[in-house]
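Below you'll find the structure, written out as structure tokens, and then a few comments.
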Amino acid sequence: MPAGHSSRYIGISSAASAPLLFLAPRTRRPCWERICDEKKYHNLPHSRGRVCKPVPWCRPLPNSVGRWKSGEERPQTVPVTYHYIVVGGGSAGCVVAARLSEHSENTVLLLESGGPDGNLLLKMPMVFTLLKDSEFDWGYSTDPEPFASERIVQTPRGKVLGGSSSVNGLMYSRGHPKDYDQWMQMGAQGWSFDEVLPFFKKSERNWRGEGPSHGGSGPLSVERSTSNEPVARAIMKAAQALDYRVLDDFEAGDPEGFALPDKTTCRGRRASASTAFLDPVRKRRNLKVVTGAHVTRVVIEKGRATGVEYLKNGKTVTASATQEIVLSGGAYASPQLLMLSGIGPADHLRDVGIENVVDLPGVGTGLQEHPLVPMGFSARKPFRFSRQLRADRLAFSVMNWMLTGRGAPSGAPLNSIAYYKSRPDLERPDLENVFMSTNLAAHVWFPGWRKPQPDMLTSLNVVLRPGSRGSVRLRSADPLAPPRIQLNLLQDPNDLRLLRHALRWTRDFVRQAPLSEYVGAEAFPGAALETDAALDAFIRQNVSITQHPACTCKMGVGDDAVVDPQLKVRGIDGLRIADASVMPTLIGGHTNAPAIMIGERAADMMLAK
């Protein structure tokens, strides 16, 4: 890939955002509805002219001074008490908060460091790559990667209600069923595939309806992906010619083969965890959602997590929990918050000046990510997607999408996904290929203003079960400092070998008829790079990630485990973790649906006490 070439997943450059910015809705003024413990009835007028009604659950709790039902929370200077506090309004956190608050006797506080998710760009699937490096992204990056030419690799994460489910590529994927059986074999009792499948189904409202593999009535809308590109049909025919399976459903058994994945959309709009799980229940009087609340510490008293401290509008607020606190910040933020609270490797905490409360060496270790290397092939025939990026056509399609939820903005130029094996004797696929009919540098164009980028078939090559392991550490005791992330990409020589194999596999695949009728010369890395050494150098210079970090608060029973199979933090009462950080090992798929499942499982265990 040429130096400076964009490595975005979907080929829409930041320039594409210009004609879409007018779509961003204005933020409405928050409606302050105070729920007062001292009075049984409310007489404060609602912003719509209604008068507040009795709040049956509103009863005094220790140190309770009042709550606000919707909008932004007013800063408070004395502790407020809830039964449960959930830290992080991402894929799992939204699920935990929604499920716990189904029981009216539970008061639940959900704290999200990012802002609300009302911006229309967050709802439009086609433009998800524009959300990178935006106000909705934490903007994290690694330290120089020692096995990837000392490059600094961007590690985007969602900084908005819904977390990364509000900014991701919307693919619904569970991985391989044997991934979860492996979890159980590693000590995560109760997490085999047969045991977690009911929780996948519980959350899901699949377009196929209720069935052995899918749920039909859950909060999360899962719709069918389609492609109107002729090259998509050519890919499937080429796969069949090479004796690969072409599937109707990746989640109905063994996912090895080619298919278009389902997507987390609802009538053509993004179905994030916040829109699916929180929006329908935001009026619950026992659920309070606070955005712009950056949690700085878990309060530990006599070996028990009793509350959290968070920054809101520049002021420190303390909230207490009488039952449990759940960390759902993700694979970077959850270990960071544990260490800021004195829970983690004692030597490291001492180095940054934090008193060690519980010595848990596994906190922040074992970080895994799916490494990704792109390829590009020129197109022999024009692709439809680039024509849809002409400014006048795009403006029309956006307006049509706003009215109907249909058209180009409702999806991405995805042609296929393939899960395949590098060796036939393997039990599970170890590689993934994503084909997209777009140039990675594609942008909005118009005759006389700017030329379109040449059409290109892009291939993203992914190692599903990497052997490399990284870490998350603190830079200092400052809770506002970003965590120190070291992925150690390509640390394991086998990861490099697999990516090299994937590049050669892709070269061979695109020369298979009828796909070869659509594919021309190899734009990058270029056909001239043939030797192992040349391909290895290209990989080290261009490897990035799929944004699937996991395993930094590993679940299990060994000394390196951070949580037990009930997701309880070892050595601390009243504290659990529910997010992708608890995975014993990274699944061979995309991580949004598994994180939602983990949230479902956590809430179920908490309510079963």
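Rounded, prolate or oblate: which fits segment 313-437, taking a ≥ b ≥ c as square roots of the Cα gyration tensor eigenvalues, rounded meaning a/c under 1.5, else prolate when a/b beats b/c? Verdict is oblate for segment 313-437.
Using Cα atoms only, what is the angle between the long axis of helix 592-607 and the major principal axis of the chain, expressed in degrees (0 to 90) to the nearest 10? The helix 592-607 is inclined about 20 degrees to the chain. Specify which residue in the list 577, 535, 518 is farthest towards the positive end of the charge dipole of segment 478-609, using unit charges on the beta carbon of Lys, Arg (+1) and Asp, Glu (-1), about the Cα centre. Of the options given, the answer is 577. Too long at a 28 Å Cα-Cα cut-off: which of 283/609; 283/554; 421/568; 381/451? In this structure, 283/554; 421/568 lie more than 28 Å apart at Cα.
Computed over the alpha-carbon atoms, segment 477-572 gives an Rg to Rh ratio of 1.18, Rh here being the Kirkwood radius from the mean inverse distance. Remark: segment 326-481 carries 37 Å² of accessible area per residue (probe radius 1.4 Å; ligands, DNA and RNA excluded). Highest mean packing comes first when the peptides 131-141, 582-592 are listed by Cβ atoms within 10 Å, giving 582-592, 131-141. Accessible surface for residue 530 stands near 120 Å², nearest 10, in the context of the full protein assembly shown (1.4 Å probe). Working note: Debye formula, equal point scatterers on the alpha-carbon atoms of segment 528-609, no solvent; log10 I(q)/I(0) at q = 0.12, 0.24 Å⁻¹ is -0.48, -1.11. When the Cα gyration tensor is reduced to axis lengths a ≥ b ≥ c, the ratio a/c is 1.5 or higher for segment 396-487, and with a/b not above b/c it is classed as oblate.
Report the normalised scattering of segment 73-184 as log10 I(q)/I(0) at q = 0.19, 0.24 Å⁻¹, calculated by the Debye formula with identical scatterers on the alpha carbons. Debye intensities relative to I(0), on a log10 scale: -1.10, -1.21. Over segment 414-467, all Cα pairs binned in 5 Å intervals from 0 give whole-percent P(r) values of 5, 17, 18, 16, 12, 11, 8, 6, 4, 3, 1, 0, listed from short to long.
Computed on segment 157-272, with alpha-carbon pairs under 8 angstrom and 6+ residues apart, the relative contact order is 25 percent. Remark: accessible surface ordering of 460, 311 (largest first) is 311, 460, probe radius 1.4 Å. For the chain, find the longest principal axis of its Cα atoms and tell me its angle to the long axis of helix 330-340, 0 to 90°, nearest 10. With both axes taken from Cα atoms, the answer is about 40 degrees. Protection proxy ranking, highest mean first, for peptides 402-412, 437-447, 327-337: 327-337, 437-447, 402-412, where packing is the per-residue count of other beta-carbon atoms within 10 Å, averaged.
Of all beta bridges DSSP finds with both residues in the chain, what is the antiparallel percent, to the nearest 5? Bridges in the chain are about 65 percent antiparallel. Note that segment 277-323, at 4 °C in a medium of 1.567 mPa s, gets a Stokes-Einstein diffusion coefficient of 105 µm²/s from its Kirkwood radius over C-alpha pairs.
Taking the DSSP beta bridges in segment 301-389 as the whole, what percent of them are antiparallel, to the nearest 5? Percent antiparallel among DSSP bridges in segment 301-389 is about 80. When the inverse distances between all different Cα atoms of segment 183-272 are averaged and flipped, the Kirkwood radius reads 14.9 angstrom. Calculated from the alpha-carbon coordinates, segment 305-350 shows an Rg and a Dmax of 12.1, 33 Å respectively. Ratio of Rg to Rh for the chain: 0.97 [Cα atoms; Kirkwood radius as inverse mean 1/r over pairs]. Taking segment 426-543 on its own, what percent of its Cα-Cα pair distances exceed 19 Å? Pairs farther apart than 19 Å: 61 percent. Our compactness index for segment 254-350, the C-alpha radius of gyration over the empirical 2.2 N^0.38 Å, is 1.48.
For segment 327-383, the convex hull spanned by the alpha carbon atoms encloses 127 Å³ per residue. Normalised by the number of residues in the chain, what is the relative contact order in percent for Cα pairs under 8 Å and 6+ residues apart? In percent, rounded to a whole number, it is 20. Among the protein heavy atoms of the chain, carbon and sulfur supply 51% of the accessible surface, probe 1.4 Å, non-protein parts ignored.
Compared with the dominant principal axis of the Cα atoms in the chain, helix 493-510 is inclined by about 50°.
The values are calculated or read from the model by the stated rules, or taken from the named source; none is laboratory data. For clarity, every value in this text was computed on a predicted model and none was experimentally measured. Cβ coordinates were reconstructed from backbone atoms using ideal geometry, including for glycine residues, and neighbour counts include every protein chain displayed. The protein model used for the area step is the full one, side chains on, heavy atoms only, and it has no ligands, DNA or RNA in it. Shrake-Rupley method; radii C 1.70, N 1.55, O 1.52, S 1.80 Å.
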